[in-house]
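Read the figures in this text as sums done on the coordinates, not as results from a lab. The structure presented is a predicted model; accordingly, all values stated were derived computationally and were not measured. Cβ sites come from the backbone with ideal geometry, for glycine too, and all protein chains shown count toward neighbours.
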Amino acid sequence: MSDFRVIKRYALALLENANQQKNVETIYTDVLNFIEICKEAREFWVVLKNPVIHINKKRSIIKSVFTGKMDPLTMDFIYIILNNRREYLLKDIFEQFIRAYKSQKNILETELITAMPIDKSTVDKIGNYIKKVTGSSEVEMKTTIDEKIIGGFALKYDDKLIDATISNRIEQLKKHIINK
């Protein structure tokens, strides 16, 4: 079985168990914290995914770092992954869990790219418009500054791109002139 299928199955199993125990929000927070620790403490993640380090050592590290800070369901899940020797997939499983959680909650992740910073009220207006168009209950908008777009904006969500940038218009004009 491919890693992607394994990752997806584990993530969906965790989400299903969290739903059954009615503690999805707690598990979601645990997952976010785990991913954050992996980013901040690179050594932690390197040790965890190293196949040479014995599983008991990894279990001990997990226990010392997370005991009392994570829900027992999350801890049990991590131990199952360790027992199945798939700890190298743990971060990917948790990232897939986040995607599944957001899908279940109808939360849409977007990225707004502009040439210069824009005020919060404009970002909120765009977010509300996207909510209306997509039917999402919530929009999480990441804003990015890219001076290369000259002006305008680009908006990414799902597999879509709305490109209303000046640089895109210039490129389209160039193609139009060349084709004539």
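Between V6 and N19, 0.36 nm times their residue separation minus their Cα-Cα distance comes to what?
Difference between extended and current length: 2.7 nm.
I need the per residue convex hull volume for the chain, using only the alpha carbons, in cubic angstrom as a whole number. Write out the running numbers ahead of the final one.
Values: hull volume 33.4 nm³, N = 180.
So the per-residue hull volume is 185 Å³.
Within 12 Å, Cβ to Cβ, of R169, how many net charges do the neighbouring residues add up to if Lys/Arg are +1 and Asp/Glu are -1?
0
Return one number: the angle in degrees, 0 to 90 and rounded to the nearest 10, between the long axis of the Cα atoms of helix 90-104 and the longest principal axis of the Cα atoms of the chain.
60 degrees
At 7 Å along Cα-to-Cβ for each site, give me the label-to-label distance between T29 and N106 in nm.
2.5 nm
Determine the principal axes of the Cα atoms in the range 1-99, then give the extent along each, sorted from largest to smallest and rounded to whole angstroms.
Each principal axis gives a Cα extent; for the range 1-99 these are 35, 34, 22 Å.
First select every other residue whose beta carbon is under 15 angstrom from the beta carbon of E109; then total the charges, Lys and Arg +1, Asp and Glu -1.
Details: positive: R99, K102, K105, K131, K142, K156, K160; negative: E95, E111, E138, E140, D158, D159.
For residues surrounding E109, the net value is +1.
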